[in-house]
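The values are calculated or read from the model by the stated rules, or taken from the named source; none is laboratory data. If you're wondering where the values come from, they're calculated on a predicted model, not measured in any experiment. Here Cβ is always computed from backbone atoms with ideal geometry, including for glycine, and neighbour counts include all displayed protein chains. When the accessible area is computed, the model is the full protein with side chains, heavy atoms only, and any ligands, DNA or RNA have been set aside. Shrake-Rupley method; radii C 1.70, N 1.55, O 1.52, S 1.80 Å.
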Amino acid sequence: MGSMISSADVVVTSPGRNYVLLRVTTEDGLVGWGDATLNGRELAVASYLRDHVVPLLVGRDAHRVEDTWQYLYRGAYWRRGPVTMAAIGAVDTALWDLKGKAAGLPVYQLLGGAVREGVYAYAHAFGWDHGELVASVDRRLAEGFRAVRVQFGVPGLDAVYGVHLGAAAYEPAGRGRGPLVERWAGAPYLRHAPGALAAIRDHVGPDVDLLHDVHHRLTPVEAARLAKDVEPIRLFWLEDVTPAENHHALDLVRQHSTTPLAIGETFTTIWDCQELLVRGSIDYIRAAVTHAGGLSHVRRIADLAALHGVRAAPHGPSDLSPINLAASLHLALSTHNVAIQEYMGHPGEAHEVFRTAYTYADGYLHPGDEPGLGVEVDLVAAERFPYEPAYLPVARTVDGTVWDW
Ligand code: EZ4
Ligand code: CO
């Protein structure tokens with residue numbers, strides 16, 4: 001009784017960066033929130049939801065989370081893809097939030113309860129040169145992080161993924177203009193990266209977990225060489241070494257090194273993950289709650305990964321809202337084979353819009369014990385931050401050929 005969905009609305013707000021949110025309301029006045037943000041292509045998901053999904057939600061039983069997922073996935077006939085799956089992810093997440101609020105329980109309790117005391121978190125560090133990177137790593141260690149992702153400048157390249165351009169925080173999506181063009185060349189990167197990472201290992205000693213994200217740029221044989229060259233550094237993982245569509249590339253990397261491999265932030269369904277998991281080509285699967293169909297579907301991906309000794313580590317960038325991070329934390333606290341959560345934080349203005357129950361202390365995150373996901377959205381504050389078009393950068397090689405960004 002009282003659980004019928006009476007309305008659903010899409011909220012687009014841009015506190016420091018663009019977020020697309022879904023609010024689902026039941027006839028008894030409960031509100032559930034989902035995140036539908038697809039960085040650089042935000043309004044496509046807003047339209048998918050507003051024009052095609054919201055009319056199907058009104059009148060449905062909010063408690064039928066699984067049936068709604070199947071209805072939206074199978075019922076559309078056109079399956080998978082980032083726009084569809086972010087929309088389904090937002091609905092699924094909002095319905096779990098509602099179910100938790102109706103039950104008076106945090107979502108992690110509905111997913112089976114806590115399997116750990118806290119969620120191991122990694123933070124981002126970056127610098128153009130060794131000195132700047134060391135200072136950034138040291139700040140993270142002082143904040144209590146024991147796992148740090150390190151990104152560095154490369155001599156000969158004037159912009160690289162993961163390193164700030166001017167302003168203090170790293171933020172790739174440029175608002176109010178077309179995409180920034182970054183130059184890419186594999187050879188200088190491959191010459192520089194092993195030494196840059198080794199220098200950070202020397203600085204932090206053996207006990208800090210170090211991660212590095214290559215962001216899908218290397219060819220298969222270049223990736224194999226890098227994984228081999230960095231083996232003595234004992235990375236926690238090397239992320240996205242090759243473009244994510246070519247699963248066989250990772251077999252080559254695998255054959256040449258024991259460096260742990262992570263991939264999957266651009267995957268949208270369990271079907272994208274299946275081959276890599278079954279073949280044993282990776283160690284960590286990065287599918288995000290928002291982008292891969294919500295809590296229901298990412299739990300399924302984690303379960304398939306568990307069969308193959310692979311751990312889940314859902315993507316947690318600042319371009320997904322605190323609603324996504326909260327959902328990811330409920331999943332991580334209650335799912336045996338989640339290894340670590342990326343914790344990039346959010347722009348200062350976002351904290352004016354989102355009130356969050358999750359906490360961070362001493363290298364660990366916890367989703368908190370408020371009913372549902374534990375995130376409330378201040379709609380008056382959200383109105384103060386109107387949408388501005390934004391684009392992620394594109395990469396070109398030195399002769400001008402478009403490359404993978
Ligand atoms: O570039 O979320 O591991 N984190 C990442 C991110 C992605 C952005 C793209 O929107 O790779 O920084
Ligand atoms: Co990444």
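Tell me, please, whether a residue that is closer than 30 Å to L165 by Cβ, free of Cβ contacts under 8 Å to residues at least 40 places away in the same chain and away from ligand 1 (no atom under 16 Å from the Cβ) can be found in the range 37-53. Within the range 37-53 (the criterion being closer than 30 Å to L165 by Cβ, free of Cβ contacts under 8 Å to residues at least 40 places away in the same chain and away from ligand 1 (no atom under 16 Å from the Cβ)), the answer is yes, since at least one residue qualifies. If you go through the range 340-358 and keep only what is open to solvent by less than 30 Å² (accessible area, probe 1.4 Å) and either outside the structural domain of G118 (by TED's automatic domain parsing) or among the small types (G, A, S) (or both), you end up with G345, A350, A357. When the residues of the range 311-328 are filtered to those that are polar (S, T, N, Q) and over 21 Å from Q109 (Cα atoms), the one that is nearest to ligand 1 (Cβ to nearest atom) is S318. When A305, A361, A292 are screened for being buried (at least 23 other Cβ atoms within 10 Å of the Cβ) and away from ligand 1 (no atom under 16 Å from the Cβ), only A305 passes.
Return the total of residues in the range 158-191 being modelled with pLDDT of 95 or more and open to solvent by 60 Å² or more (accessible area, probe 1.4 Å). The qualifying residues number 1.
Taking (1) out of contact with any helix residue (DSSP H, G or I) (no Cβ under 6 Å at 6 or more places or on another chain); (2) within 16 Å of ligand 1 (Cβ to nearest atom); (3) among the β-branched types (V, I, T) in turn, V241 satisfies each apart from (1).
The numbered conditions (1) under 16 Å from the mean Cα position of the chain (by Cα); (2) over 24 Å from V12 (Cβ atoms) are all true for A326 except (2). Would it be correct to say that A390 is on the phi < 0 side of the Ramachandran plot and modelled with pLDDT under 95? Spelling it out, A390 is indeed on the phi < 0 side of the Ramachandran plot and modelled with pLDDT under 95. Residues that are out of contact with any strand residue (DSSP E or B) (no Cβ under 8 Å at 6 or more places or on another chain) and farther than 17 Å from I282 by Cβ do occur in the range 156-165.
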